[in-house]
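So the structure is just underneath, and the comments pick up after that.
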Amino acid sequence: MTPREFAEHVREQTDIVRIVSDYVALRKRGSNYMALCPFHRERTPSFAVHPVKQIFKCFGCGQGGDVFAFVMRMEGCSWWEAVRLVAEKQGIPIPSFAAHEGASDREARIQWQHRLAQINAWACEFFERCLHEPKGEAARAYLAARGISPDA
């Protein structure tokens with residue numbers, strides 16, 4: 001089973017109303033549930049949870065999505081962390097690949113951030129070199145017109 005297949009399995013086994021109600025006081029209105037939106041201040045409920053479609057939507061701020069999008073927004077976590085949290089709340093065992101992958105998630109994020117910093121440094125050096133070459137005359141003129149020194 002791949003991580004995507006596991007996430008789809010979790011989504012199919014999850015009742016979004018149960019998960020959202022852990023964070024928000026829902027009230028049944030017709031076939032849907034309504035609440036004050038947890039993502040912005042409001043006095044009149046505009047946050048709807050649709051149990052048949054298994055989605056949420058706030059008609060005030062426009063936030064919406066599936067159960068994973070809701071948990072990501074509420075917990076401030078990644079998509080994979082949201083899948084794991086929902087699986088745990090539902091009592092769905094996380095396959096060994098998923099448990100191992102979650103453990104390295106933080107390390108992978110740190111490596112990615114270091115790689116991005118390195119790429120940004122290379123880009124900065126490249127554009128600085130270009131600015132001081134003869135082809136950079138137009139860019140230097142633009143900077144001068146804006147009162148910016150090419151050495152800035």
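Any idea which residue in segment 35-50 is surrounded by the fewest Cβ atoms within 10 Å (Cβ to Cβ), counting only those that are closer than 21 Å to Val86 by Cα and among the small types (Gly, Ala, Ser)? So the residue we want is Ala48.
Might you check whether a residue that is crowded, with 16+ Cβ neighbours inside 10 Å and not in a helix (DSSP H, G or I) occurs anywhere in segment 69-76? For segment 69-76, residues crowded, with 16+ Cβ neighbours inside 10 Å and not in a helix (DSSP H, G or I): absent. Looking at segment 5-59, the strands (runs of 3 or more DSSP E) lying wholly inside it that each contain 2 or more residues that are more than 20 Å from Glu75 (Cβ to Cβ) and in the same structural domain as Ala69 (by TED's automatic domain parsing) sit at 27-29, 32-35, 47-50.
Residue-wise test of (1) over 27 Å from Arg84 (Cβ atoms); (2) in contact (Cβ under 8 Å) with a residue 40 or more places away in the chain; (3) in contact with a helix residue (DSSP H, G or I) (Cβ under 7 Å, 6 or more places away or on another chain).
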position: Gln13; (1), (2), (3): no, yes, yes
position: Ala25; (1), (2), (3): no, no, no
position: Tyr33; (1), (2), (3): no, no, yes
position: Val52; (1), (2), (3): no, no, no
position: Lys57; (1), (2), (3): no, no, no
position: Cys61; (1), (2), (3): no, no, no
position: Asp66; (1), (2), (3): no, yes, yes
position: Phe70; (1), (2), (3): no, yes, yes
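The values are calculated or read from the model by the stated rules, or taken from the named source; none is laboratory data. Worth saying up front: this structure is predicted, and the values here are computed from it rather than measured. We place every Cβ from the backbone using ideal geometry, glycine too, and count neighbours over all the protein chains shown.
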